[in-house]
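All of the numbers you see were taken from the coordinates with simple rules; none came from a lab. Predicted model only: the values in this text are computed from it and were never measured. In this analysis, Cβ positions are derived from the backbone assuming ideal geometry, glycine residues included, and neighbour counts consider all displayed protein chains.
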Amino acid sequence: MIAQLKENHPALCEKAGALSACAEPLSIVRTVDAKARNCHETRTITVFDAAAAVEDTEWEPHVRALIQVERAVLTRNAATGMWKPSREISFYLSSRPVTAQIAGDAIRNHWGIENTSHYTRDVTFLEDAPRIRKNPGIFARMRSLAFNVLRCNKADTTPQDRFAAALGGLEAMFKMTFFRER
């Protein structure tokens, strides 16, 4: 398991930063994202032994590696043509020893899930907006079912598919999804 370390654990964040500044890394890998439009991102993934950072804490039996991801991004402003640099450092904790390449791939692949499923559910279905007090899990399952049906039958975009379903295409969409000839 790899989990991001956030500011709600300030003492652990401080120890992680101190460890990454002075400890010898176990492995390092640098990747460049050339697919982005108007953006050039270089990631440096560094893995450290986490023993010193989690020593004498509740995390000690669970954490084996500390992963530092440094993102250096150049973003091009279309109006001016100038490049704006930014730099961000994130820390992750791993439950087992891991190489920088594997850690970087796992972290990057997680963002693919976040950007496709979670973003679509938050924006298209306004999943964070409902104030349902009784049986919220039932409504969450209904949204999940609707999302999966729309995703299986994707014609254009999810909002357009939702609109088509609202106009009466829902029955046809369910038939296409659940009763396809195999």
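In order along the range 92-109, the phi-based Karplus estimate (6.51 cos²θ - 1.76 cosθ + 1.60, θ = phi - 60°) of 3J(HN,Hα) comes to 10, 10, 10, 7, 8, x, 8, 7, 5, 5, 5, 4, x, 5, 5, 5, 5, 5 Hz; Gly and Pro are listed as x. Taking θ as phi - 60° and the Karplus parameters 6.51, -1.76 and 1.60, the scalar couplings of the range 63-69 work out to 10, 10, 9, 10, 10, 10, 10 Hz in sequence order, x denoting glycine and proline.
Amide H contacts under 5 Å for E127: D122, restricted to partners 5 or more places along the chain or on a different chain, H placed in the peptide plane at 1.01 Å from N. Over the Cα atoms of the range 1-98, each weighted equally, I'd like the Debye log10 I(q)/I(0) at q = 0.14, 0.18, 0.22 Å⁻¹, rounded to two decimals. Evaluating at q = 0.14, 0.18, 0.22 Å⁻¹ gives log10 I(q)/I(0) of -0.58, -0.82, -1.06. Placing dummy labels 7 Å off each Cα toward the beta-carbon, the span from H40 to L145 is 5.1 nm.
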